[in-house]
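Below is one structure, written out as structure tokens; the observations come after it.
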Amino acid sequence: MLLIEMTGIPGSGKSTILPILKTSLRKKGYHVYDSREVFLRKYFSPQHSSLILAMINLLPRTMEHFFLTLFKRLFVDKIKYVASFFLQRKVLNKLILDTIFSNGELNSNSKLDLLWWMNLVSIYQFSLMHLKQDEIILLEEGFFHKLITYFIPTNNKNSAEIKIRNYINLIPEINCLIHINSNPNVCIRRLKKRNLPRKLRSKSPSEVLGYLVSADKVIRTGLTNLEANGFSQIVNIDNEHSGFNKDVFLQSFYNQYH
């Protein structure tokens, strides 16, 4: 299994770029699955999975999402994969749980953070168990990206940086990380055109900007730690403007990733 992850602050363009890359890789003959599609590999061969996905993609977007979500809930035992991941990576999970429950209570935000983590690890563990060596899982918000969910510092910056370093050393191996660089002010304009992420909906405009700036710093701290560990498969993409050019992006991706 090959793991390609994307990262970037909210509004940077991850959800726009992912389907472009997925389509391009499939045209080149790769078997590629995003987080909603990967579970099909438990029941079908790569060829049959690709055929089924092609048929599903002909449906309207809402029907496509409904079909895949229904199939996943009916046939995938998420708890089994979460338990398997927790048993194999106890130190990593302890770090995450300690961070989620650092204030000693289970509130709506901590519940959401825990559900996000369980969903991610179930997708990863499922992929690890059912995808072949040359098949690709493409994650819009994978392990690296969870840095901005769990490690944005609230008071002690040094403590946050230590946790980020420890986290980077513990997460599963990533084969390629796509970093989408975008100015926080540009991202705010994009986010205003759609619903804000749930965590930001109750915040003032200045608080949203502060969060995006902090998220950008956390991502860059994580990138520095990855590079310090000798990881070189980081594809940096600039998406600062409204007129995103997919051909330029794809050329940049294939030039940088090898």
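Just so you know, all these numbers are worked out from the coordinates, no wet-lab data involved. Computed from a prediction, not measured in an experiment: that's the story for all the values here. When we count neighbours, we look across all protein chains shown, and the Cβ atoms used for this are built from the backbone with ideal geometry, even at glycine.
Given a Förster distance of 30 angstrom, what is the FRET efficiency for residue 84 paired with residue 109, based on the Cβ-Cβ distance and rounded to 0.05? Could the numbers behind the result be given before it?
Values: r = 27 Å, r/R0 = 0.89.
Rounded to the nearest 0.05, the efficiency is 0.65.
Take 26, 198 and order them by how many other Cβ atoms sit within 10 Å, fewest up front.
On the way: 26 16, 198 10.
With the sparsest Cβ surroundings first, the list reads 198, 26.
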Study note, to complete from the structure: The Kirkwood hydrodynamic radius of the range 184-258, taken as the inverse of the mean 1/r over all distinct Cα pairs, in Å, comes to 14.6
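Counting each DSSP H run of 4 or more residues in the chain as -39500 (n - 2.57), what helix-only mean residue ellipticity at 222 nm follows after dividing by all residues, to the nearest 500 deg cm²/dmol? Can you show the working numbers first?
Numbers: 11 runs with 147 residues, N = 258.
Only helices count here, giving -18000 deg cm²/dmol.
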Check your understanding: Over the alpha carbons of the range 92-144, what is the largest minus smallest coordinate on each principal axis, giving the biggest first in Å?
Key -> 42, 19, 17
Study note, to complete from the structure: The answer for residue 181, listing residues at least 5 apart or on another chain whose modeled amide H is closer than 5 Å to its amide H, is 237, 238, 239
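At 0.36 nm per residue, minus the direct Cα-Cα distance, what do residue 54 and residue 26 gain on full extension? Give it in nm, one decimal, please. Before the final figure, lay out each step's value.
Numbers: separation 28, 0.36 × 28 = 10.08 nm, distance 1.05 nm.
Here the segment from residue 54 to residue 26 would lengthen by 9.0 nm.
Residue 220: net charge of surrounding residues, Cβ under 12 Å, Lys/Arg +1, Asp/Glu -1, itself excluded? Each step should come with its number before you reach the end.
Working: positive: 217; negative: 161, 216, 227.
Once positives and negatives cancel, what remains is -2.
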Review point. What is the spin-label model distance, in nm, from residue 196 to residue 129 if the labels are put 7 Å beyond Cα along the C-beta direction?
Key: 3.9
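Which of the helices in the chain, when you take each full DSSP H run, stretch at least 18 Å along the axis at their Cα atoms and have an average Kyte-Doolittle score of -1.0 or higher?
14-27, 61-75, 108-130, 157-170, 205-228
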Review point. Exposure proxy check: 7, 149 ranked by fewest other beta carbons within 10 Å?
Key: 149, 7
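Taking the range 132-197, which trypsin sites (Lys or Arg not before Pro) meet the DSSP loop condition and have no more than 13 other C-beta atoms within 10 Å? Working shown, then result.
Numbers: sites: 132, 146, 157, 163, 165, 189, 190, 192, 193, 194; in loops: 132, 193, 194.
Those satisfying the criteria are 132, 193, 194.
Expressed as a rounded percentage, what relative contact order does the chain have, with Cα pairs under 8 Å and six or more residues apart?
This gives 36 percent for the chain.
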Check your understanding: What does the convex hull of the Cα atoms of the range 90-202 come to per residue, in Å³, rounded to a whole number?
Key -> 148
Practice item. Step through the residues of the range 35-40 one at a time and calculate ³J(HN,Hα) from phi using the Karplus curve (6.51 cos²θ - 1.76 cosθ + 1.60, θ = phi - 60°), rounding each to whole Hz and writing x for Gly and Pro. Key: 5, 8, 9, 4, 5, 4
Check your understanding: Tell me, what is a quarter of the convex hull surface for the C-alpha atoms of the chain, in nm² with one decimal?
Key -> 14.2
